[in-house]
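The values are calculated or read from the model by the stated rules, or taken from the named source; none is laboratory data. Owing to the predicted nature of the structure, the values given are computational and were not obtained by experimental measurement. Positions of Cβ are backbone-derived with ideal geometry, glycine not excepted, and every protein chain shown enters the neighbour counts.
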Amino acid sequence: MEVAVSIRNAVKRYGAVTALHGVSLDIADNSFFTLLGPSGCGKTTLLRMIAGFEEITEGEILLFGKSIASLEPNFRPVNTVFQNYALFPHMTVLDNVAFGLKMKNVDPATRRKRAGEMLELVHLSALSERMPTQLSGGQQQRVALARALAPQPKVLLLDEPLSALDLKLRQAMRVELKQMQEETGITFLFVTHDQEEALTMSDRIAVMSEGRVQQIGSARDIYETPSNRFVAQFIGQTNLIEVDVTRVHKGKADVVLPSGQGLTCSAAAASLGRHALSIRPERVTIATRGELKAVVERVVYMGSELQLLTRLDGGTAFSVRVQNAVRTEVPEPGTQIRLKLEEGAARLLTD
Amino acid sequence: MKGVRHYPGFLGITIVCLMVLYFPLMVVAVYSFNASTSITAWGGFSLRWYVDVFTGPEAERFGLATWNSITIALIAASLATIIATAAALAMIRGGRFRGWKATYGLINLPLMVPEIVVAVATLIFFSTIGLRTGYLTVLLAHITFCIPFAYLPIAARLSGIEPRYEQAARDLYATQAQAFRLILLPLLGPGLVSGWLLAFIISLDDFIITNFVKGAGMETLPTAIFGSVKQGIKPNIMAISTLMLGVSVLFVSLSYLINQRGRSSASIKE
């Protein structure tokens, strides 16, 4: 596996404010890598640093082994799809797409041909003579994509490109983006705050918070085995229960719930004392022989699923997701139920 | 709440204001077509005073003054636009530097300083450095006082253009100079034209400063008109004033329209 982008100990300070506290990560060539985090976590700063719009305060940025940290943006073989596309409003779609090639002194015939191919790739050949303002948001987004891909960058940087689109279009574009990455073989570095986007497209995800990388892994890794409380809460929905760890042995831990009940759960690395236990709401079923006792407080109808808001013995709020099948029996609010945890559903978090 | 239109006397006050503003201009414009030599009695419609402007005894004087006015306005507006663009780039794209606020004030201050003070100061300055008054001193003075007028529309336009267009260009392998020439300059276009037109008309119009720094023998159109009026107002002055009014209205309208068009065609701001 070749490393396309390697960030080593990147620090970014704006005066007294530190936006990035020594971020290190490697992005494999020909992969779809996502920086995921809430606004202000430093993900966009990192992207802009790779593009060359922000200077790095400390650390290194390597592109296929070569340091690019001191290069001007026009000398970096990476291209960006901007959040609001930033299409040049005074140029036609075709001229927009051909701009990068023109700046690279590609001859007019070749660049027309290549720009045309790019527009075909994003299914916009028919609109090549339009001005950007005459296009819909989704079309503008495709032009921005074609424009950034046309010069065949070594890495494509995407700064929340889907956030301005409506839901249906966004969902369609996710699949298309992933396909495009596979077809072109170009490394995509995608920045988003939308965990669903990240989970559906990425080969690997770096979850960021407060200028630090919290966890790097596949979608499955970060969802199934979150390394800390932040990741568990940010990716999907989870129930967090404060527990006391009484014994740690072979990847398992014995814990005591607030109700006083004992439980054995999986734990990658744990120490004794107070910790948070994470249980995903869909890893729990209603069963007469379940180990947790709870009272149903509210039932939320969500279409394909039902969400039960319950309260455990010991007072912890606990939500449960149930498939909305014909045979699903929905307990009334106020009823006592028992919840069964799937194998490995309870995970102890290390903060 | 009722709008201002419903205040008692709104219509009357509006009419009075418009009359005060435009009635004198209308009188001048109408009487420029007067067939009689009188400036108060109407003697029928005629274009004789317009003919007089171009062929009459004062035609040569006015012709030379017009040539001076137009060449000065062209050069002054062009140079002021270039300088104002550089200033706007520094102020808006240069980031915050020490003394930013003071610089902002200094650029715009000339708009508020009484013109007579500027006129006296400019004259003293020229005589101190030993520059003989004439065409050159008028030109230099005009370039200077045109800068803030050119600056306003250019800076307004520039602050509406987000830096991401230039960034996108840089990202697509454009050098800083290419990003400026191929992206920023075309987007800035309407502001530049508007600033240039404003500067042109301000220069064309100017009397006070010009009168101080022009020296003997050199005339621009406003000073020539003033000189002529001192010997009594003749209808040819009304004709020439009406012509100038027409040019001014044309330029101001152009400036406005170009700004509007620029705003609607290129949506450069979300």
Q) Looking at B:ILE233, B:ILE268, B:ILE258, which is the one that is at pLDDT below 85, closer than 28 Å to B:ILE161 by Cα and outside any helix (DSSP H, G or I)? A) B:ILE268
Q) Is at least one residue of the stretch A:333-342 surrounded by fewer than 16 Cβ atoms within 10 Å (Cβ to Cβ) and without any contact (Cβ under 8 Å) to a residue 12 or more places away in the chain? A) no
Q.
Considering only the stretch B:173-189, I want to know if a residue exists there that is aliphatic (A, V, I, L, M), more than 8 Å from every other protein chain (Cβ to nearest Cβ) and touching a Ser or Thr at 6+ places or on another chain (Cβ under 8 Å).
A. yes
Q.
Name the single residue that is nearest to B:ALA86 (Cα to Cα) among those in the stretch B:112-164 being out of contact with any helix residue (DSSP H, G or I) (no Cβ under 7 Å at 6 or more places or on another chain) and of a type in the set (D, E, K, R).
A. B:GLU162
Q) For B:TYR151, which of the numbered conditions (1) crowded, with 17+ Cβ neighbours inside 10 Å; (2) within 10 Å of chain A (Cβ to nearest Cβ); (3) among the hydroxyl-bearing types (Ser, Thr, Tyr) fails to hold? A) (2)
Q. Residues of the stretch A:184-201 being touching a residue at least 24 places away in the same chain (Cβ under 8 Å), in a helix (DSSP H, G or I) and either surrounded by fewer than 19 Cβ atoms within 10 Å (Cβ to Cβ) or among the aromatic types (Phe, Trp, Tyr) (or both), which ones?
A. A:THR184, A:THR200
Q: Kindly indicate whether any position in the stretch A:254-273 is part of a strand (DSSP E or B), in contact with a Pro (Cβ under 9 Å, 6 or more places away or on another chain) and within 22 Å of A:ILE235 (Cβ to Cβ).
A: no
Q. Of A:VAL106, A:VAL122, which residue is within 13 Å of chain B (Cβ to nearest Cβ), without any contact (Cβ under 8 Å) to a residue 60 or more places away in the chain and either crowded, with 21+ Cβ neighbours inside 10 Å or closer than 22 Å to A:PRO77 by Cβ (or both)?
A. A:VAL106
Q) When residues of the stretch B:154-165 are filtered for being part of a helix (DSSP H, G or I), closer than 16 Å to A:ALA86 by Cα, touching a residue at least 60 places away in the same chain (Cβ under 8 Å) and within 14 Å of chain A (Cβ to nearest Cβ), how many remain? A) 2
Q) Right, A:PHE64: under 29 Å from A:ASN30 (Cβ atoms) and facing another protein chain (nearest Cβ under 9 Å) or not? A) no
**Q.** Among the candidates B:ALA168, B:ALA224, residue that is under 30 Å from A:LEU101 (Cα atoms) and either touching a Leu at 6+ places or on another chain (Cβ under 9 Å) or outside any helix (DSSP H, G or I) (or both)
**A.** B:ALA168
Q) In the stretch B:145-204, what residues are polar (S, T, N, Q) and closer than 12 Å to B:LEU89 by Cβ? A) B:SER159, B:GLN176
Q. With respect to A:VAL93, is the statement that it is crowded, with 23+ Cβ neighbours inside 10 Å and within 15 Å of A:VAL191 (Cβ to Cβ) true?
A. no
**Q.** Odd one out for A:ARG283 among (1) charged (D, E, K, R); (2) in contact (Cβ under 8 Å) with a residue 60 or more places away in the chain; (3) farther than 22 Å from A:GLN336 by Cβ
**A.** (3)
Q. Of all the helices (runs of 4 or more DSSP H) wholly in the stretch A:55-169, which have at least 1 residues that are more than 27 Å from the chain's Cα centre (by Cα) and aliphatic (A, V, I, L, M)?
A. A:93-103, A:108-121
Q.
I want to confirm something. Restricting to the stretch B:25-37 and keeping residues that are surrounded by fewer than 14 Cβ atoms within 10 Å (Cβ to Cβ) and touching a residue at least 24 places away in the same chain (Cβ under 8 Å), which single residue is nearest to B:VAL229 (Cα to Cα)?
A. B:THR37
Q: Using the structure shown, decide if A:ASN79 is touching a helix residue (DSSP H, G or I) at 6+ places or on another chain (Cβ under 6 Å), free of Cβ contacts under 8 Å to residues at least 40 places away in the same chain, at the interface with chain B (Cβ under 9 Å from one of its Cβ atoms) and within 26 Å of A:ALA4 (Cα to Cα).
A: no
**Q.** Residue among B:THR137, B:THR144 that is touching a Leu at 6+ places or on another chain (Cβ under 8 Å), away from chain A (no Cβ under 14 Å), touching a residue at least 12 places away in the same chain (Cβ under 8 Å) and under 20 Å from B:GLY215 (Cα atoms)
**A.** B:THR137
